Amino acid sequence: METRLPPMATILYFGDQSPKSTSAQRAEALKRLGHSVTIHNPFDTIADLVGPMGSYRWFAAFHYRTGYRFMQTKVAQWLRNILKNTPAPDLIWVDSGELFGVGCLKVLKSAGCPVILYNVDDPTGHRDGRRFESMLPALSLYDLVVVVRRETEAECVELGAKQVLRVLRSYDEIAHQPFPQESHIPAQYKSDVVFIGTWMPNEKRDEFMLELLKQGVPLTIWGSRWEKSPHWKALQGAYRGNALGGRDYVAAIQGAKICLGLLSKGNRDLHTQRSLEVPYAGGLLCAERTPEHQQIYQEGREAVFWSDAAECARVCNELLQNEPLRESIRQAGAQKVRALRVGHEDLGRSVLSEFNIR
């Protein structure tokens, strides 16, 4: 791109700002690079419509399922008010972007600076229904669209995106930093084999975990919605608690001998955030064998892979009996993920370099 921004840019950032979200972590990483970042959460526009929490859930679900098209006038006005009361930005960063349709992008473009979209989901896929229906027609108005899968890259180009950058997902250099000593990890987060993730209908994660238990794998599960599984009674003994974030998340990774990495089939994933976060946080990654995982890590030396539950169980049970091999793979994985330079700060530098910012 020919646009040149100052070395220390003023960035207007739209995304989830809850501290444990990866969106907020990316915003903080941009700050650590020396940029001035002001963050606004687009979902505040839904919260402003309603009062009681029950109403909020109903409104949020309704707008999700209708592609936020009934929100567009309100969101556009919200953006106008922000631009009116904010110093002129050098760049606008939109994280996820499902609330921003064509009208919203025209408002953002009126600021006279580059506007980028960063999306780690699968907006051109089908898992999330109509969630991204408003966003997709606006892709051509972004100066840069950043995505994480080949299919999304090609489909965004087909939909008119001017420039698309495909990147690996990323860990956070600060939030996912491992504990300096194993003794610092709270006892409740130590385990043999851990899966940290949400139960999802139609993904068959529960069936996978059930098979591991049948094969004698000493399994621990952390995450939301597992009680909704039809196999809940059989899995309940392995369930440790709800979704983890912050240092608890790192403790559960580093405190496990093996960390499972499952993909979202509906999202066409070939690697996930966990693929990078686990080795960086001091865990041994045991993930589904995919071309991207095999490109990132050397199998058997930097991570271990499997093709089905039976192979996963065999790999886990063998590794649990071989501490020297586990430690060798864990250390090699940690070295590899750092050598890849795929932290949030690295991501920020890569994206901003498209505008000649270092």
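The values are calculated or read from the model by the stated rules, or taken from the named source; none is laboratory data. All figures in this text were calculated on a predicted structure; none of them were measured in a lab. Positions of Cβ are backbone-derived with ideal geometry, glycine not excepted, and every protein chain shown enters the neighbour counts. Note: accessible area is taken over every heavy atom of the protein model, side chains too, but ligands, DNA and RNA are not part of it. Shrake-Rupley method; radii C 1.70, N 1.55, O 1.52, S 1.80 Å.
So the values come out like this:
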{"item": "Alpha-carbon Rg/Rh ratio, for the range 133-205, with Rh computed the Kirkwood way", "result": "1.18"}
{"item": "Per-residue ³J(HN,Hα) for the range 240-257, Karplus 6.51 cos²θ - 1.76 cosθ + 1.60, θ = phi - 60°, Hz, x for Gly and Pro", "result": "9, x, 6, 3, 10, x, x, 6, 5, 4, 5, 4, 5, 6, 5, x, 9, 6"}
{"item": "Kirkwood-type radius of the range 156-282, with distances r between different C-alpha atoms, in Å", "result": "15.9 Å"}
{"item": "Packing-based order for 257-267, 123-133, using average beta carbon neighbours within 10 Å, highest first", "result": "257-267, 123-133"}
{"item": "Nonlocal amide H pairs with Val146, under 5 Å, H built at 1.01 Å", "result": "Leu117, Tyr118, Asn119, Leu165"}
{"item": "Residues whose placed amide H lies under 5 Å from that of Leu270, excluding near-sequence neighbours", "result": "none"}
{"item": "Accessible area of the range 89-163 belonging to carbon and sulfur atoms, whole % at 1.4 Å probe", "result": "50 percent"}
{"item": "For the range 181-238, projected area of the alpha-carbon convex hull averaged over all directions, nm²", "result": "4.4 nm²"}
{"item": "Pair Arg314, Lys265: separation of 7 Å Cα→Cβ label points (nm)", "result": "2.1 nm"}
{"item": "Farthest positive-ward along the chain dipole, Cα basis, beta-carbon charges - from Leu325, Ile185, Met135", "result": "Met135"}
{"item": "Environment charge at Trp306 (Cβ cut-off 13 Å; Lys +1, Arg +1, Asp -1, Glu -1)", "result": "-4"}
{"item": "Phi to ³J(HN,Hα) by Karplus 6.51 cos²θ - 1.76 cosθ + 1.60 over the range 58-70, Hz, x for Gly, Pro", "result": "5, 5, 4, 5, 4, 5, 4, 6, 10, x, 6, 5, 7"}
{"item": "Charge tally in the Cβ shell below 14 Å around Gly246, where Lys, Arg are +1 and Asp, Glu are -1, Gly246 excluded", "result": "-2"}
{"item": "C-alpha long axis of helix 22-32 to longest principal axis of the chain, angle in °", "result": "70 degrees"}
{"item": "Helical contribution to [θ] at 222 nm, DSSP H n ≥ 4, -39,500 (n - 2.57), averaged over the chain, rounded to 500", "result": "-11000 deg cm²/dmol"}
{"item": "In the range 6-50, the trypsin sites (Lys or Arg not before Pro) that fall in loop regions by DSSP, at most 15 other Cβ within 10 Å", "result": "Lys20"}
{"item": "Whole-percent pair-distance distribution, where bins are 10 Å wide, for the alpha carbons of the range 112-153", "result": "27, 58, 13, 1"}
{"item": "Estimated FRET transfer efficiency when R0 is 22 angstrom, pair Glu158-Arg127 (beta carbons, to 0.05)", "result": "0.70"}
{"item": "Long-range HN-HN contacts of Gly241 with modeled amide H, under 5 Å", "result": "Gly223"}
{"item": "For the range 229-358, the spread of Cα positions along each principal axis, largest first, Å", "result": "54, 34, 29"}
{"item": "Debye intensity ratio in log₁₀ form over the Cα atoms of the range 56-134, taken at each q of 0.24 Å⁻¹", "result": "-1.17"}
{"item": "Relative packing of 318-324, 273-279, which averages over residues the other C-beta atoms within 10 Å, highest first", "result": "273-279, 318-324"}
{"item": "In nm, spacing of pseudo-spin labels at Gln77 and Gln181 (7 Å Cα→C-beta vector)", "result": "5.8 nm"}
{"item": "Two-decimal ratio, the chain, of alpha-carbon radius of gyration to 2.2 N^0.38 Å", "result": "1.03"}
{"item": "Å² per residue, accessible surface of the range 170-259 at 1.4 Å", "result": "47 Å²"}
{"item": "Mean separation of Cα contacts under 8 Å, 6 or more apart, over the residue count of the range 178-267: relative contact order %", "result": "43 percent"}
{"item": "Glu207 versus Asn242: modelled label distance in nm, points set 7 Å from Cα along the beta carbon direction", "result": "2.9 nm"}
{"item": "Net charge of neighbours whose Cβ lies under 14 Å from the Cβ of Gly101, counting Lys and Arg as +1 and Asp and Glu as -1", "result": "+4"}
